[in-house]
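Below is one structure; the comments refer to it alone.
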């Protein structure tokens, strides 16, 4: 859990730094930075999506995950969590709500390849190296995001702790079931979600990425099922 604790701490520190300097940054700069973040997020997603070797696994995992997530209304739950925080804090600017900052940052920090593989490595072998690397990247990302999306990014640290902590603690139980190919497919599914998030950050779409989260859990089961079929 050392890597998870460090990652949570870096998100908090980075967010605080971003909030401190937020008011001194001109709006045209923050708008330009958001476009840059969106493009980088899109590229990270595309790169991770190429890890997968079976398009059928990716498609079925995302479809099943999206159906489950929509029925559970995960996007609504995350937004309500952000809105409950918004009731206690004023908007940091006239455009971005606390809920939007919370949901966007939570997803950006938690559904990427480094989160999934890093958490599994930490839980299975105690190797925190990937989570340490992610912590440095998230320190920078949270600083930039907080300066544009506001205080909601700071509260995303709680989601980082719960999500990654859950993966680390579950990794030991999942170890007998997981193999390298399966982890690649899980990474691929998570990275497709990152692509959706990047498009949202660019303002091109309003994809409810949170509703796709069960796809990460569905991927290993779909992989096993496909492996049993005589294809």
Would you point out which residue out of 74, 108, 137, 62 is surrounded by 22 or more Cβ atoms within 10 Å (Cβ to Cβ), within 22 Å of residue 168 (Cα to Cα) and in contact with a helix residue (DSSP H, G or I) (Cβ under 9 Å, 6 or more places away or on another chain)? 108
Candidate set: the stretch 89-105, residues that are under 17 Å from residue 159 (Cβ atoms) and surrounded by fewer than 23 Cβ atoms within 10 Å (Cβ to Cβ); chosen: the one modelled with the lowest pLDDT: 89
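Condition (residue is part of a loop (DSSP other than H, G, I, E, B), over 29 Å from residue 26 (Cα atoms) and in contact with a helix residue (DSSP H, G or I) (Cβ under 9 Å, 6 or more places away or on another chain)) applied to the stretch 154-170: is it met by at least one residue? Quick ask: steps written out before the conclusion?
First, pick out the residues of the stretch 154-170 that are part of a loop (DSSP other than H, G, I, E, B): none.
Within the stretch 154-170, not a single residue is part of a loop (DSSP other than H, G, I, E, B), over 29 Å from residue 26 (Cα atoms) and in contact with a helix residue (DSSP H, G or I) (Cβ under 9 Å, 6 or more places away or on another chain).
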Identify, by number, the condition in (1) closer than 25 Å to residue 208 by Cβ; (2) modelled with pLDDT of 95 or more that residue 5 doesn't meet. (1)
Within the stretch 142-170, considering residues that are under 13 Å from the mean Cα position of the chain (by Cα) and under 10 Å from residue 16 (Cα atoms), the one surrounded by the fewest Cβ atoms within 10 Å (Cβ to Cβ): 142
Residues of the stretch 18-29 satisfying the condition of being over 9 Å from residue 142 (Cα atoms), modelled with pLDDT of 90 or more and in contact with a helix residue (DSSP H, G or I) (Cβ under 8 Å, 6 or more places away or on another chain): 19
Residue in the stretch 172-198 that is modelled with the highest pLDDT, counting only those that are surrounded by fewer than 18 Cβ atoms within 10 Å (Cβ to Cβ) and in a helix (DSSP H, G or I): 181
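The values are calculated or read from the model by the stated rules, or taken from the named source; none is laboratory data. Please read all numbers here as calculations on a predicted model, not as lab measurements. Ideal geometry is used to build each Cβ from the backbone, glycine not excepted, and the neighbour counts take in all protein chains shown.
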